[in-house]
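Read the structure below first, then the notes.
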Amino acid sequence: MAAWQGLLEELVRDRRPALIGYAALLSGDRSEAEDLVHDAVVRTFGRPRSFPNVNAADAYVRRAIASAFIDRVRSKRSRLAALPRLVASAAGPEDDAAARLDVRAALLTLPRRERTCVVMRFYDDLRVADIAATLGLSDGAVKRYLSDGIHHLNAELGTAADPYAGDPPTAVVDVIAKGSGR
Amino acid sequence: MSDELSALLRAAARDEASAAEGEFPYTSAVLDRYVGDVRRHRVAGMATLAVAAVTVVGLAALGVGQLLPTGPTVVSPLPAATSSASPEPSATPTPTVEPSTTPVPSPTLDPSPSSTPTTPSLPTTAPPPAPTSTTPAVPVPGPVTGVKGWTGGGSGETTVTWDQGADATGYRVYRSDSLSGPFVVAATFDVATGTTTIAPAFINDYVVIWSYSEGALQVVSYTDAIGYLEPTYYRVAAFTSGGEGPLSPIVCATPPGSPFTC
């Protein structure tokens with residue numbers, strides 16, 4: 001058995017449910033999440049790469065899931081259709097369960113890129129620069145998505161999350177347009 | 001306060017993972033599907049790489065081939081560099097392999113004439129290496145030399161003789177009643193078989209052509225019973241399977257007893 005095949009078996013056997021849960025935060029639908037995980041795993045192991053352990057492979061697959069979710073074209077109809085299924089499947093009188101249901105529903109109200117940036121920032125604890133590199137976006141774009149997404153989630157969930165908490169400060173240079181005549 | 005959102009997200013992901021564990025259980029079939037898809041993806045990737053490599057190598061080869069000059073253009077020898085008797089350009093499409101190797105020799109330069117017309121003497125110059133072409137082009141013979149007009153026999157005949165070249169397989173005799181022409185083919189002589197073919201317009205004429213040795217020369221003689229006394233004008237051209245050579249200069253002949261002079 002090839003080395004990649006042993007690692008793949010370990011990943012699918014031990015980490016697949018967690019990966020589907022991660023993908024479900026993005027997609028809002030477990031079936032689509034399972035499909036995302038499958039595509040990400042095939043893309044990850046479909047090329048000759050070497051991972052030192054299953055944790056490294058798991059991290060790589062998660063980046064691949066986020067990237068595939070950004071790239072995947074989904075209709076607005078499918079996104080909206082996922083919401084009632086999520087709500088119906090998450091029954092429970094407990095407050096925590098209600099809060100988790102609220103956060104999933106609130107996530108689904110965010111645009112795709114905002115949602116992905118929020119999950120990568122607050123679930124994976126990635127820095128802005130890492131999110132930008134993974135998704136192929138500029139740092140400024142990631143900051144804008146995070147700011148808009150967190151502002152919306154804070155309003156929906158009553159939280160007070162800071163989009164840049166823990167991120168190293170970056171210098172901000174104001175550029176004054178020249179030639180305005182004033 | 002950011003930890004609160006992170007905790008909510010992680011708890012939601014755990015819920016989804018727990019649900020996925022029951023909804024999408026791990027089985028050997030699931031693993032086989034993953035492994036099979038990964039293998040197919042790898043094979044497709046390698047095939048794509050192979051196609052790309054072949055394409056790049058092929059394009060590179062084409063590019064190099066177009067940059068390099070073609071061989072025949074570079075190595076072709078100067079045509080007719082060793083031939084002084086074939087000033088006319090060759091009509092064959094690949095003249096670089098033949099004309100310079102088989103010039104029309106002047107019979108006056110041949111010290112040992114062949115005894116048979118079918119085995120003409122070769123030029124004294126050493127032949128170049130055999131061309132690589134599998135179907136070498138046959139050269140077009142040069143102009144016929146030594147063409148002369150004579151008064152023929154007592155039956156009102158005229159005679160034209162010329163030197164037999166080494167490369168000609170046959171000759172055509174053109175005849176006209178006027179110096180300015182037009183000249184039309186009167187007869188054709190095949191050197192190898194010695195046969196004479198008379199043109200339809202002259203089928204009733206008495207025409208004889210033969211080849212014979214005359215000292216150091218191989219001579220071809222054409223005798224024509226023209227049936228009248230006026231001068232007759234002739235031109236001769238040698239030919240091969242590669243084509244017909246240029247016409248010789250015009251010569252004039254009169255039958256015996258003719259009051260006319262050429």
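Computed quantities for the displayed model
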item: Inter-chain Cβ neighbour average for residues A:21-32, partner chain, 10 Å; result: 4
item: Relative contact order computed over region B:148-253 (Cα-Cα under 8 Å; 6+ residues apart), in percent; result: 33 percent
item: Per residue accessible area of region A:1-74, 1.4 Å probe, in Å²; result: 38 Å²
item: Over 22 Å [Cα-Cα, region B:148-253], rounded percent; result: 23 percent
item: Shape of region B:142-201, Cα gyration tensor, a/c cut at 1.5; result: rounded
item: Centroid-to-centroid separation of region A:131-148 and region B:213-232 [C-alpha atoms, Å]; result: 105 Å
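The values are calculated or read from the model by the stated rules, or taken from the named source; none is laboratory data. Predicted model, so just to flag it, every value in this text is computed and none were measured. Please note: Cβ atoms are built from the backbone with ideal geometry, for glycine as well, and neighbour counts cover all protein chains shown. Calculation scope for accessible area: heavy atoms of the full protein, side chains included, ligands and nucleic acids excluded. Shrake-Rupley method; radii C 1.70, N 1.55, O 1.52, S 1.80 Å.
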